[in-house]
Amino acid sequence: MSRSNGTPDADRRRLLKIAALGLVAAPISTLLGREARAADAPPVDEADPVASSVAYKCEAAKNPKHVAGQFCDGCQLYSGAAGAAHGPCALFAGKNVCAKGWCTSWVKKAG
Ligand code: SF4
């Protein structure tokens, strides 16, 4: 407590501030860690049997079945961060799909 004025009240206030910062920092670091893990996940291989079965393409425009205006980042099964280039999809555990990709399992994101 070298920066306090030495009174018990000042020390207690300082400890409360440190505790409050810790409570805020822990959830933030958990969220950042989750996003870092998602960002590190390998991309879905378009030749993967599951990807082929739903005609997944990283570039929706290259998919002849693509429906205009539908992209992975607007799909209910996509959980990538807003503005990210890629993110997880519930169809492909442990892998990332392209935010501007698309497949035939597209479902409009709720909300
Ligand atoms: Fe993209 Fe949705 Fe298909 Fe997943 S289910 S690949 S998020 S369109």
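Before moving on, here are some points about what is shown:
- Take every DSSP beta bridge whose two residues both sit in region 42-111; close to 90 percent of them are antiparallel.
- Packing-based ranking, highest mean first, of 84-91, 103-110 given that Cβ atoms within 10 Å are counted: 84-91, 103-110
- Accessible surface of region 42-111 [probe 1.4 Å, protein heavy atoms]: carbon and sulfur percent: 61 percent
- About its Cα centre, region 42-111 has a charge dipole of approximately 200 debye under the convention of +1 per Lys or Arg Cβ and -1 per Asp or Glu Cβ, with nothing else charged.
- Working from label points 7 Å from Cα in the Cα-to-Cβ sense, the V107 to A55 distance is 1.9 nm.
- By a 1.4 Å probe calculation restricted to protein chains, D45 has an accessible surface near 90 Å², given to the nearest 10.
The values are calculated or read from the model by the stated rules, or taken from the named source; none is laboratory data. Computed from a predicted model, the values in this text were never measured in an experiment. Using ideal geometry, Cβ is built from the backbone for each residue, glycine included, and neighbour counts are taken over all protein chains shown. Remember, those area values only see protein heavy atoms, side chains included, never the ligands or the DNA or RNA. Shrake-Rupley method; radii C 1.70, N 1.55, O 1.52, S 1.80 Å.
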